[in-house]
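Reviewing the structure listed below.
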Amino acid sequence: MTALVVALALSALPTPPTQVKYAAETGDVMFDHAAHVARREPCRTCHGNGPAQKVELGRQKAHVLCVGCHAAARAGPKSCYACHGA
């Protein structure tokens, strides 16, 4: 029964994008959503609690969320140009 409930809940979710492009003055940032999903990063890490919705990022929020996460003993780019203009 539990498997059925989980399957129904998952089928109600929209298909997530593979890549997400964030426009930035210093060069656009391409976020590899599929790679983060493949690494089983919890949705709430970026989307917060509740239903997953589009993540709106400004400069400060992106640097705290993205660079902060990468710097916290996780793999991923940390330098400016590793993300901007990639």
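Within the range 13-53, can you find the residues that are modelled with pLDDT of 90 or more, farther than 16 Å from G76 by Cα and of a type in the set (G, A, S)?
A23, A24, G27, G48 - these are the residues of the range 13-53 that are modelled with pLDDT of 90 or more, farther than 16 Å from G76 by Cα and of a type in the set (G, A, S).
Out of the residues in the range 54-74 that are loosely packed, with under 10 Cβ neighbours inside 10 Å and either more than 25 Å from E25 (Cα to Cα) or within 11 Å of the chain's Cα centre (by Cα) (or both), which is modelled with the lowest pLDDT?
Residue satisfying both the conditions and the ranking: A73.
Within the range 75-86, take every residue that is in a loop (DSSP other than H, G, I, E, B) and modelled with pLDDT of 85 or more and give me the one that is surrounded by the fewest Cβ atoms within 10 Å (Cβ to Cβ). Step through it out loud before you land on a result.
To start, the set of residues in the range 75-86 that are in a loop (DSSP other than H, G, I, E, B) comprises 75-79, 85-86.
Now drop any that are not modelled with pLDDT of 85 or more, which leaves 77, 79.
Details: P77: 14, S79: 9.
Ranking the candidates gives S79 first.
The values are calculated or read from the model by the stated rules, or taken from the named source; none is laboratory data. Every value quoted in this text rests on a predicted model; they were computed, and no experiment measured them. Note that we place each Cβ from the backbone using ideal geometry, even for glycine, and neighbour counts take in every protein chain shown.
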